[in-house]
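Just below is one structure, and these are the notes that go with it.
Just so you know, all these numbers are worked out from the coordinates, no wet-lab data involved. Note that this is a predicted model, so its numbers are computed, not measured. Backbone-built Cβ (ideal geometry, glycine too); neighbour counts: all protein chains shown.
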Amino acid sequence: MVYWMRDPTRRFRERPFYRPEEIDAACERLVNEFLLKHRGKVEYPLTTDDLTILIERNVRDLDLYADLSDDGTDVEGVTRFAVGHQPAIAIADPLSSDERRANRLRTTLAHELGHAKFHDEVFQMAFSSGDLLSEAREAKIVCKRETMIDAPQTDWMEWQACYASGAYLMPRSAVHDLLRPAVTASKRLPPFHVAGEEAPAFIEVIIDRFAVSKEAAKVRLIKLGFLTTEVRTPTLFD
């Protein structure tokens, strides 16, 4: 059950609040159910084709080669909401057309899916209550390059979509299962500092298994508590 709270940005009267573990669970459930039906087993990475099919089953339209230049030169994805309809997702053509940016494309697709799955309800409520302009029957979220992987929590909508993107591509259970042997071998408890000797190996393992960028892997490991940017105070057990 979603908990609703006052929206400090005043974009909406109320906004949905999700704990990180709630987003993790919802994303992993959706991906696992899809993979079992689509492949017959749950295995990673989630390919671009996998992700495209998954999104097409959860939105009314997916445009992978959209001209988003009117929204800005640094816009890579847009999710559109309409009264009584599923969301529609558009991805900037230069991103989809460049094979060298495949990881970035998948991150963007997962980010926009996060908006579609976690934010449609708040837009539908705003449409029906008149919180948006009375004549508005459509609205959109414009997502820029710099906030696709991580965003400040004050921008709750982008933060949730960023978190969901990582959760779709690198599900919590799979990450824990993958890193458990390495953590055990270190004979230390996480989090490990991002500048420490363990961090590069952890990040590389995530990159190899889930086919994500170094930045996406690092952010996900920080979110899940395996890595930290904070300096730890040494203890008797270090």
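Could you state the angle between the C-alpha long axis of helix 156-169 and the longest principal axis of the C-alpha atoms of the chain, as a value from 0 to 90 degrees rounded to the nearest 10? Approximately 60 degrees, to the nearest ten.
The alpha carbons of region 1-93 occupy a box of 44, 37, 27 Å along the principal axes, longest dimension given first. Pair-distance distribution of region 143-196: all C-alpha pairs, bin width 10 Å, starting at 0; shares per bin in whole percent are 21, 35, 34, 11, 0. Under a Gaussian network description of the chain, with springs only between Cα atoms under 10 Å, the residue in V212, V42, V59 that fluctuates furthest is V42.
A straight Cα-to-Cα reach below 15 Å connects K144 with the aspartates and glutamates D67, D70, D71, D74, E76, D93, E112, D155, E158, residues fewer than 8 places away in its own chain not being considered.
Per residue, the chain reaches -15000 deg cm²/dmol at 222 nm when only DSSP H runs of four or more residues are counted, each adding -39500 (n - 2.57). The residue list V205, A102, G114 was ranked by how far each Cα lies along the charge dipole of the chain toward its positive end, using unit charges on Cβ atoms, and V205 comes out on top. Annotation: average projected area of region 172-228 is 3.3 square nanometres, based on the convex hull of Cα atoms across all directions. Projecting the Cα atoms of H85, A174, S129 onto the dipole axis of the chain, where Lys and Arg carry +1 and Asp and Glu carry -1 at the beta carbon, places A174 farthest toward the positive end.
Residues with beta-carbon under 15 Å from that of E22, excluding E22: net charge, scoring Lys, Arg +1 and Asp, Glu -1?
Working: positive: R15, R19, R29, K117, R172, K223; negative: E21, D24, E28, E121.
For residues surrounding E22, the net value is +2.
Here the 3J(HN,Hα) profile of region 203-220, calculated from phi with Karplus coefficients 6.51, -1.76 and 1.60 at θ = phi - 60°, is 4, 5, 4, 5, 4, 5, 6, 9, 6, 10, 6, 4, 5, 5, 5, 5, 4, 5 Hz, Gly and Pro shown as x.
Of S96, S213, S173, the residue with the greatest mean-square motion in the GNM of the chain, using alpha carbon springs below 10 Å, is S173. Based on the convex hull around the alpha carbon atoms, region 100-192 presents an average projected area of 8.6 nm².
For region 21-33, 3J(HN,Hα) computed residue by residue from phi via the Karplus equation (6.51, -1.76, 1.60; θ = phi - 60°) reads 5, 6, 5, 4, 5, 5, 5, 5, 4, 4, 5, 4, 4 Hz, glycine and proline entered as x. Across region 39-54, coupling constants 3J(HN,Hα) worked out from phi with the 6.51/-1.76/1.60 Karplus curve, θ = phi - 60°, read 10, x, 7, 9, 8, 10, x, 7, 6, 4, 5, 4, 5, 4, 5, 4 Hz, and Gly and Pro carry x. Residues whose amide H comes within less than 5 Å of that of D61, counting only those at least five positions distant or on another chain, are I89 (H built at 1.01 Å from N in the peptide plane).
Please compute the length gained on full extension between V83 and F17, using 0.36 nm multiplied by the number of residues separating them and subtracting their Cα-Cα distance. Walk me through the intermediate numbers first.
Numbers: separation 66, 0.36 × 66 = 23.76 nm, distance 2.21 nm.
Full extension from V83 to F17 adds 21.6 nm.
At q = 0.12, 0.15, 0.16 Å⁻¹ the log10 of I(q)/I(0) for the chain amounts to -0.70, -1.05, -1.17, computed by Debye summation with a single uniform scatterer per C-alpha, solvent ignored.
For region 1-113, what relative contact order do you get, as a whole percent, if you take Cα pairs closer than 8 Å and at least 6 residues apart?
Working: 120 pairs, mean separation 21.4, N = 113.
Relative contact order here is 19 percent.
Would you mind pulling out the separation of the Cα centroids of region 184-206 and region 98-169, in Å? Distance between centres, Cα-based: 30 Å. For region 45-163, the Kirkwood hydrodynamic radius from C-alpha pairs, put into Stokes-Einstein at 10 °C and a viscosity of 1.306 mPa s, yields a diffusion coefficient of 109 µm² per second.
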